[in-house]
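Report on the following structure.
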Amino acid sequence: MTDINGMLLNVIENVEKVIIGKREAIEMAVCSFLCMGHVLIEDMPGVGKTSLVSAMAKSFDASFRRVQFTPDILPSDITGFSMYNQKTGEFEYHQGAIMSNIILADEINRTSPKTQAALLEVMEENQVTVDGQTYHVPQPFIVFATQNPIEYLGTYPLPEAQLDRFFMRISLGYPDAAEEGRMLTRFKTDNPLKTLQPVANIGQLLEAQEAVGKIHVDEQINKFIVSIVRATRNSADVALGGSPRASLCLFKAAQAWALYSRRDYVIPDDVIKMAVPVLEHRLVLRQEARLKRLSPKQVVENILKTVRV
């Protein structure tokens, strides 16, 4: 476990060479890596969403592809397509952008629902189906999607079925004055992302992912997780609560945070720590809650105060 923790800290410190002052967001992204979970990064333009994903890919020395989602992009651009080969007389599969370890779906809400739906199968089953043939994506496979929360013109909101496939949602936020000053100094001559070197490899990442599954979770912790997720379904402020997939994601996230915290067992604080990033984007609030200016994050925090540990 010590070797795994050392590797994770090396990755985090390496990413911090590019992303300054956002350690908690980087830690959440690393935990998603450990759980093979997809991440939705929702934040203002220019805060480093794309740089974070690029730095993570470089740190793990993983294959990486960035897809700029636009209204005219087609599902075949994502999943690939079959083309007839006149020499062999057969159809051949030409890989799409999805065939990589890490995919950055940049501004995912700017493309049509049809293209968004092309990601549903691969995000859940790690495979794509083209003309009746199934093709598996490389392992590990993680989708990072970005979107700006304030832009609505020319965008297509992600459906609940797709939001539920994201392991967690994170945001970076604006840096404070000191952090922004350090950023200017660090970027004075060139972008540090260009010279960033790997500090881990795919083999180490797969080993860490396997170690997450070995973290002990007591039956009482299971009941605590179920109680939290069921409370989101029964809340008067929520029209659509967390799914059973949400319970599984919170379970895995708690294991990952326990591993990162150098423990081989989960405690209630691990569940509480991961509840907001794992659950908030899955909730659909009632109109009355919106009128009260409640956010999904506030609803989850209120539930955590009421559910007995």
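Tallying residues that are touching a helix residue (DSSP H, G or I) at 6+ places or on another chain (Cβ under 8 Å), closer than 22 Å to Gly173 by Cα and in a helix (DSSP H, G or I) within region 33-52 yields 3.
In region 279-295, which residues are among the aliphatic types (A, V, I, L, M), closer than 20 Å to Ile170 by Cα and surrounded by fewer than 16 Cβ atoms within 10 Å (Cβ to Cβ)? Hit for region 279-295 is Val284, nothing else. If only residues of region 60-72 that are part of a loop (DSSP other than H, G, I, E, B) and touching a residue at least 12 places away in the same chain (Cβ under 8 Å) are counted, the one that is farthest from the chain's Cα centre (by Cα) is Pro71.
Filtering Ala57, Ala97 for residues that are assigned to a loop (DSSP other than H, G, I, E, B) and touching a strand residue (DSSP E or B) at 6+ places or on another chain (Cβ under 7 Å) leaves a single hit, Ala97.
Could you count how many residues in region 15-29 are assigned to a helix (DSSP H, G or I) and surrounded by fewer than 21 Cβ atoms within 10 Å (Cβ to Cβ)? Adding up the residues that qualify gives 3.
Counting only strands (runs of 3 or more DSSP E) that fall entirely inside region 108-185 and contain at least 3 residues that are touching a residue at least 60 places away in the same chain (Cβ under 8 Å), the qualifying elements are 142-147, 166-170. Do we find a residue being within 17 Å of the chain's Cα centre (by Cα) and buried (at least 19 other Cβ atoms within 10 Å of the Cβ) anywhere in region 84-100? There is at least one residue in region 84-100 that is within 17 Å of the chain's Cα centre (by Cα) and buried (at least 19 other Cβ atoms within 10 Å of the Cβ). Of the residues making up region 292-308, those that are assigned to a helix (DSSP H, G or I) and touching a Leu at 6+ places or on another chain (Cβ under 7 Å) are Pro296, Val299, Val300. The single condition among (1) without any contact (Cβ under 8 Å) to a residue 60 or more places away in the chain; (2) closer than 18 Å to Glu280 by Cα that Arg23 does not satisfy is (2). If the condition is being part of a loop (DSSP other than H, G, I, E, B) and without any contact (Cβ under 8 Å) to a residue 12 or more places away in the chain, then region 261-291 contributes only Ser261. Quick one: Phe224 ticks every box in (1) in a helix (DSSP H, G or I); (2) touching a strand residue (DSSP E or B) at 6+ places or on another chain (Cβ under 9 Å) bar one, so which box is it? Result: Phe224 fails condition (2) only. Filtering region 238-248 for residues that are buried (at least 16 other Cβ atoms within 10 Å of the Cβ), among the charged types (D, E, K, R), in contact (Cβ under 8 Å) with a residue 24 or more places away in the chain and closer than 26 Å to Ala289 by Cβ leaves an empty set.
Taken together, the values in this text are just the output of simple stated rules run on the coordinates, not laboratory data. Note that the coordinates shown come from a computational prediction; the quantities given were computed from them, not determined experimentally. Cβ atoms come from the backbone with ideal geometry, glycine included; neighbour counts cover every protein chain shown.
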